[in-house]
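Notes follow the structure.
The values are calculated or read from the model by the stated rules, or taken from the named source; none is laboratory data. If you're wondering where the values come from, they're calculated on a predicted model, not measured in any experiment. Glycine also receives a Cβ, built like all others from the backbone with ideal geometry; neighbour counts cover every protein chain displayed.
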C-alpha cells in the first residue's frame, strides 16, 4: 500500500494477501478525500489503488493524479529499493497467518486465475511450505518488518484496526502528515467498516466479471473478523501450524496473534554457547 506526495515519488506498498489490503485502500481513499465518501462510491477500489505488479496497474500508474494510492503484495526483496529514497509513504498491514490461511483458502476457491486449493490439509501444507501465490508468508513479513524504523514506513496489523479503528485512522493520518478534523475522521471510520464496505458495490468486488471471480462460490468480503481460523482448524492442524510458526518466527518481535501459541508463546532466539571462562561470573570486573 502506498501514498505518494510529490511528482518524484515512486510507488511503494506492501502486504501479503489477504491481510486487509482492501480495508486499508478504503481507509486511505477516504483520508485522501478528507472523509468525503463520493470517491469510494463512484470509482472501483482497484482503480483507486492499482496494483503495481499487474500489467494494468503498471500502465495506469503514470496517469494517476498525485497524491496517489498504489497497492502491492510483492515481497520486499523484489520491491524497488528506490521507493525508500523518495517521499512515498509505505503502510504494511500484517495479520494472524492462521486467519490469512483460512481467508486465502476461500479466496482461492472463487479466484478463477488460481488453481483449486485442494483439501484444507493440502492447502495448509502448501501454505507452510510457501507454495502459494506470492510465496512464503514467513519470508514476506520477516522481510518487510526489517523496514521498521524508517520514517516513511508504518507497520499496522489487522487486529489493531479491528480493536481500535478510530485510533488506527488517527495514527495513519499522523504518519501521512494529513491531520483530519473530528467530523472528517468520524466519516472515515464510518465508511470503512466491514458492513459499509460489503454494502458498497465499488468496494466489495461484485463488479468483477465471473472470468475473474466466481461469485456463485462465495463472496470476496466474507466475514471481516479475527479468529475465524478457530472455526476451521482441527487440533492436529493447529499443532502442525504452531510447530512451523515457532521455528520460522524464532527471534522475531511479538505480534498480537502470538497469544494463540498458548502459554509458552514464541520461542526466544537461542542463547549463544559460552566457552569455559567466558561467563559473566568468571570475568574480571576490570575487563
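Scanning region 212-224 for residues that are surrounded by fewer than 12 Cβ atoms within 10 Å (Cβ to Cβ) and in contact (Cβ under 8 Å) with a residue 60 or more places away in the chain turns up just one, 217. Across region 41-59, the qualifying residues are those that are crowded, with 16+ Cβ neighbours inside 10 Å and farther than 30 Å from residue 229 by Cα, and the one among them that is modelled with the highest pLDDT is 48. Among the residues of region 210-226 satisfying the criterion of being at pLDDT below 80, at negative phi and in a loop (DSSP other than H, G, I, E, B), which is nearest to the chain's Cα centre (by Cα)? Among those that are at pLDDT below 80, at negative phi and in a loop (DSSP other than H, G, I, E, B), it is 221.
For residues that are in a helix (DSSP H, G or I) and either over 18 Å from residue 19 (Cα atoms) or touching a residue at least 60 places away in the same chain (Cβ under 8 Å) (or both), tally how many sit in region 109-125. Result for region 109-125: 7. Across region 235-284, the qualifying residues are those that are over 25 Å from the mean Cα position of the chain (by Cα) and not in a loop (DSSP other than H, G, I, E, B), and the one among them that is modelled with the lowest pLDDT is 282. Take residue 66 and tell me if it is in contact with a strand residue (DSSP E or B) (Cβ under 7 Å, 6 or more places away or on another chain), surrounded by fewer than 18 Cβ atoms within 10 Å (Cβ to Cβ) and either more than 16 Å from residue 155 (Cβ to Cβ) or at pLDDT 95 or above (or both). The answer is yes for residue 66. Only one of the numbered conditions (1) over 22 Å from residue 246 (Cα atoms); (2) over 17 Å from the mean Cα position of the chain (by Cα) is violated by residue 163, and that is (2).
Among the residues of region 157-173, are any outside any helix (DSSP H, G or I) and in contact (Cβ under 8 Å) with a residue 60 or more places away in the chain? Yes; the residues of region 157-173 include at least one that is outside any helix (DSSP H, G or I) and in contact (Cβ under 8 Å) with a residue 60 or more places away in the chain.
So, of the residues in region 175-190 that are part of a helix (DSSP H, G or I) and under 11 Å from residue 31 (Cα atoms), which turns out to be modelled with the lowest pLDDT? The residue in question is 176.
Would you confirm whether any residue within region 197-211 is farther than 18 Å from residue 43 by Cα, surrounded by 18 or more Cβ atoms within 10 Å (Cβ to Cβ) and touching a helix residue (DSSP H, G or I) at 6+ places or on another chain (Cβ under 7 Å)? Checking region 197-211: not a single residue is farther than 18 Å from residue 43 by Cα, surrounded by 18 or more Cβ atoms within 10 Å (Cβ to Cβ) and touching a helix residue (DSSP H, G or I) at 6+ places or on another chain (Cβ under 7 Å). Residue 77: closer than 30 Å to residue 261 by Cα, modelled with pLDDT under 90 and outside any loop (DSSP other than H, G, I, E, B), yes or no? Against the criterion (closer than 30 Å to residue 261 by Cα, modelled with pLDDT under 90 and outside any loop (DSSP other than H, G, I, E, B)), residue 77 qualifies.
Applying a threshold of 6 Å to beta carbon distances and a minimum spacing of six or more residues, or different chains, the list of pairs starting in region 80-108 at a residue that is in a helix (DSSP H, G or I) and ending at one that is modelled with pLDDT of 90 or more and buried (at least 24 other Cβ atoms within 10 Å of the Cβ) reads 97/137.
Scanning region 126-144 for residues that are in a loop (DSSP other than H, G, I, E, B), at negative phi and crowded, with 16+ Cβ neighbours inside 10 Å yields a total of 2.
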